[in-house]
Amino acid sequence: MTVLEAASPPAHAGDSTYIPLAGMVRRVTKLTALEQLFEIRLPNGRPLGHSPGQFVQVSIMGVGECPISIASSPTRPDSFDLCVRRVGEVTGFIHRLRPGDTVGIRGPLGHGFDVDELHGRDVLIVAGGLGLAPARSVIQYILDERPRFGQFHLLYGAREPAELLFRDDLTRWRQSPDVNFHLTVDRADEQWRGHTGVVTTLFHRLPRLDPDNTMVAIIGPPIMFKFVVLEVLARRIPQKNVFCSLERRMKCGVGKCGHCQANNVYVCTEGPVFRYGQLKALREALE
Amino acid sequence: MLDRVISRDDLHALIDGLALQRRLIGPVVRKAPECRPPWRYFYQPVDRAEQLDLSFSYCVYSPKPFLFPPQETLFQFERVDGGFTARPQLADRPTALVGVHPCDLNAIQLLDHVFSAAPADRHYRARRDNTFIVGVDCARPCTDGVFCADLDSHEAHGGFDVMLYPLDGDAESAGTTPGRYGVVFGSRAGGEWVRYGRRGEVPTAADERTFDRYQRQKRTAFPHALKTPADELPQLLERSYDSLLWEATARRCYSCGSCNLVCPTCYCFDIKDQTTLGGDGGQRRRQWDGCQLRGFAQVAGGHNFRSRPAARLRHRIYRKAKWIRERTGLRGCVGCARCDRACTARINTVEIYNQLTEEV
């Protein structure tokens, strides 16, 4: 076995699909006790070139790699955001990164939201928990390209006030005339003045939706999907207008290693964003 | 149609020539002190053709590890100036796999498809492109319990440079070494190996008749075990997702992953890092993973998308008989029955298919 020299390290695809680019951490923001936001810049400021809803494999050399959704819009190409919850070894090490540090980035990976299909339509985004991070890539996109969209509704639910992500954004969205934003927590604390209840309890705050002209994106934990889909279908929105984003264990990110398979579908390449009609046939997807 | 016929001695001379340029891997009976009869065959490196036993029954593992090793380094990294550099590691050692049965050739065709699909896996491709494959046909089933004929994978459909058909000795009397082989070229390199080696003869009409007889005998030599034809297994499974049989069978499953370990078409893997003692460098490595192991589909935070053994068993069977076939048009299972032989709980694949057949 010999080791071949890479033409220009670090490399991607040409030499090995598995070698990440060296991203530079520009800014770290603590969002909650468990989540931090990382602004990452690629070498020479090259844009990541993603579409909303895609993800990257983030790696710490010597520790490992994990899939993280991209939390910012491609309309802001100088850098991109990753919202990382500290749940395991790799994410624990990512949380120790400080501005100026290097982090491995492979991607963008997967199939995101087809934004062309959203253009000219009303859009409803329903985000639960950490699902707000990938949702933010679509939200920012719509706000940056606002004239290209009709009405824009956003519902966001967290388990409790302390778990609310992107508080600055939440304040901004609440004041913005560009988005009809509603927020809820499952369990209130003493300071909480807002709505309490699961995210489906926000649906009565929506105006009458135009079924054929409304596109829906649902991003959250698996348990949330069927309840939200039910609310959406009850408003006569056709299944083909409903999109969901799935979470899975992923290692290779390129449709080979098998971990993310739901039925015959590789979530890492054909997803993580799926049309609901497609998901219905995948029994393993929503179990 | 045969391209050549070749005597055993001439074949050995060709293989010995191959061994001068390539690492030679083939079936070898292993009589290790810790083993007891019946002796088992393994693919392992050898120096000369006479060390190989080309009339072997079956090898415990397929030759997959020589194309997709149980562990391999994807790249080496070093930490420098707060960043890192990485160098891919690609195997370029020329290798010859000699004595690959049709079932395993069919499995290699699936691996080729998966790892060549965009983005191509350079690590697999580097090994594969440097591997010369000589297949050897089975005149009859290698052992009880195989169902390769049900899947038409008792015949080679490609994946070889040269295919050998044992033309005498083997069909009549078990275990004897054939004196002559019919040769079919599968690639230019395969044809050149035989022609430039100046061994073997152009087949005569009598040789072609012998080959026809061989193929006719083969048609009746292999049993069919499945009550549902392989082409209809996808539909059978489509109807069987909610069968109680998954729970009933998986009750016996230890989730040990032995079936994954010996399967020639399993290609799932995990990726892990190893560091040097100083922590300033290391390797990112991949190793085989198995969908029957408990944590295979578990995400950080603890949710397991297939937490029940029944869900994992069903996933494996669907993948082998339905999903891979639907996605690639290739065989996800080649009927070698290695999984059945390796199973610590004696779960039997054919039994599962046949029980499902009787249910609906």
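The values are calculated or read from the model by the stated rules, or taken from the named source; none is laboratory data. Since the model is a prediction, treat every value here as computed from it, not as a measurement. With ideal geometry, Cβ positions are generated from the backbone for all residues, glycine too; neighbour counts draw on all protein chains shown.
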- Task: Would you mind finding the one in A:273, A:242, A:216, A:265 that is farther than 30 Å from residue B:296 by Cα and either acidic (Asp, Glu) or surrounded by 14 or more Cβ atoms within 10 Å (Cβ to Cβ) (or both)?
- Result: A:216
- State all residues of the range A:71-89 that are in contact with a strand residue (DSSP E or B) (Cβ under 8 Å, 6 or more places away or on another chain), within 14 Å of another protein chain (Cβ to nearest Cβ) and assigned to a loop (DSSP other than H, G, I, E, B); if no residue qualifies, say none. A:86, A:88
- Task: Quick one: count up the residues across the range A:16-35 that are of a type in the set (S, T, N, Q) and within 10 Å of chain B (Cβ to nearest Cβ).
- Result: 2
- Note: among B:88, B:37, B:65, B:45, just one is of a type outside the set (S, T, N, Q), part of a strand (DSSP E or B) and surrounded by fewer than 23 Cβ atoms within 10 Å (Cβ to Cβ), namely B:45
- Message: Scan the range A:171-188 and tell me whether some residue there is over 20 Å from residue A:135 (Cα atoms) and either in contact (Cβ under 8 Å) with a residue 40 or more places away in the chain or exposed (fewer than 14 other Cβ atoms within 10 Å of the Cβ) (or both).
- Response: yes
- Message: Quick check on this structure: which one of A:248, A:193, A:208, A:236 is within 13 Å of chain B (Cβ to nearest Cβ) and assigned to a loop (DSSP other than H, G, I, E, B)?
- Response: A:248
- Task: Please indicate, with yes or no, whether at least one residue in the range B:192-204 is outside the structural domain of residue B:350 (by TED's automatic domain parsing), within 25 Å of residue B:59 (Cβ to Cβ) and either more than 27 Å from the chain's Cα centre (by Cα) or among the hydrophobic types (A, V, I, L, M, F, W, C) (or both).
- Result: yes
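Okay, residues lined up against (1) small (Gly, Ala, Ser); (2) buried (at least 22 other Cβ atoms within 10 Å of the Cβ); (3) away from every other protein chain (no Cβ under 12 Å):
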{"residue": "B:73", "(1), (2), (3)": "no, no, no"}
{"residue": "B:111", "(1), (2), (3)": "no, yes, no"}
{"residue": "B:126", "(1), (2), (3)": "yes, no, no"}
{"residue": "B:152", "(1), (2), (3)": "no, no, yes"}
- With the first residue restricted to the range B:38-52 and required to be free of Cβ contacts under 8 Å to residues at least 12 places away in the same chain, and the second required to be part of a loop (DSSP other than H, G, I, E, B), Cβ contacts under 8 Å at 6 or more apart or on different chains are B:39/B:31
- Item | Count of residues meeting criterion [on the phi < 0 side of the Ramachandran plot and touching a residue at least 24 places away in the same chain (Cβ under 8 Å)] in the range A:236-266 | 16
- Task: Just name the residue that is surrounded by the most Cβ atoms within 10 Å (Cβ to Cβ) out of those in the range A:90-103 that are facing another protein chain (nearest Cβ under 9 Å) and more than 21 Å from residue A:131 (Cα to Cα).
- Result: A:102
- Query: Can you spot a residue in the range B:272-290 that is free of Cβ contacts under 8 Å to residues at least 12 places away in the same chain and either under 26 Å from residue B:106 (Cβ atoms) or more than 10 Å from chain A (Cβ to nearest Cβ) (or both)?
  - Reply: yes
- Message: Just to be sure I understand, how many residues within the range B:192-215 are more than 14 Å from residue B:1 (Cα to Cα) and in a helix (DSSP H, G or I)?
- Response: 5
- Query: Between a first residue in the range B:304-331 that is in the same structural domain as residue B:256 (by TED's automatic domain parsing) and a second residue that is assigned to a helix (DSSP H, G or I) and among the acidic types (Asp, Glu), which pairs have beta carbons less than 8 Å apart while being 6 or more apart in sequence or on different chains?
  - Reply: B:308/B:247; B:310/B:247; B:322/B:238
- Can you tell me which residue within the range B:294-345, out of those that are away from chain A (no Cβ under 11 Å) and more than 21 Å from residue B:106 (Cβ to Cβ), is nearest to the chain's Cα centre (by Cα)? B:343
- Message: Looking at the range B:128-150 only, could you name the residues that are among the β-branched types (Val, Ile, Thr) and surrounded by 20 or more Cβ atoms within 10 Å (Cβ to Cβ)?
- Response: B:131, B:133, B:134, B:136, B:146
- Task: With respect to residue A:58, determine if the residue is at pLDDT below 95, closer than 23 Å to residue B:274 by Cβ and aliphatic (A, V, I, L, M).
- Result: no
- Filter the range A:104-126 down to residues that are more than 14 Å from chain B (Cβ to nearest Cβ) and assigned to a loop (DSSP other than H, G, I, E, B) and give me whichever is modelled with the lowest pLDDT. A:114
- Which of the residues spanning the range B:226-267 are touching a residue at least 24 places away in the same chain (Cβ under 8 Å) and either basic (Lys, Arg) or farther than 20 Å from residue B:319 by Cβ (or both)? B:227, B:239, B:251, B:252
- Task: Give the residue, chosen from B:354, B:348, that is within 19 Å of residue B:148 (Cα to Cα), surrounded by fewer than 22 Cβ atoms within 10 Å (Cβ to Cβ), touching a Lys or Arg at 6+ places or on another chain (Cβ under 6 Å) and not assigned by TED's automatic domain parsing to the domain that holds residue B:66.
- Result: B:354
- Considering only the range A:137-183, state which residues are assigned to a strand (DSSP E or B) and hydrophobic (A, V, I, L, M, F, W, C). A:152, A:154, A:155, A:158, A:181, A:183
- Message: Regarding the range B:87-97, can at least one residue be identified that is under 29 Å from residue B:150 (Cβ atoms), aliphatic (A, V, I, L, M) and either touching a residue at least 40 places away in the same chain (Cβ under 8 Å) or outside the structural domain of residue B:201 (by TED's automatic domain parsing) (or both)?
- Response: yes
- Message: If the requirement is being more than 30 Å from residue B:124 (Cα to Cα) and either surrounded by fewer than 14 Cβ atoms within 10 Å (Cβ to Cβ) or touching a Phe, Trp or Tyr at 6+ places or on another chain (Cβ under 6 Å) (or both), which of these qualifies: B:247, B:238?
- Response: B:238
- Restricting attention to the range B:79-101, report how many residues are more than 7 Å from chain A (Cβ to nearest Cβ) and modelled with pLDDT under 95. 2
- In this structure, does residue B:351 turn out to be over 19 Å from residue B:109 (Cβ atoms), more than 23 Å from the chain's Cα centre (by Cα) and more than 10 Å from chain A (Cβ to nearest Cβ)? no
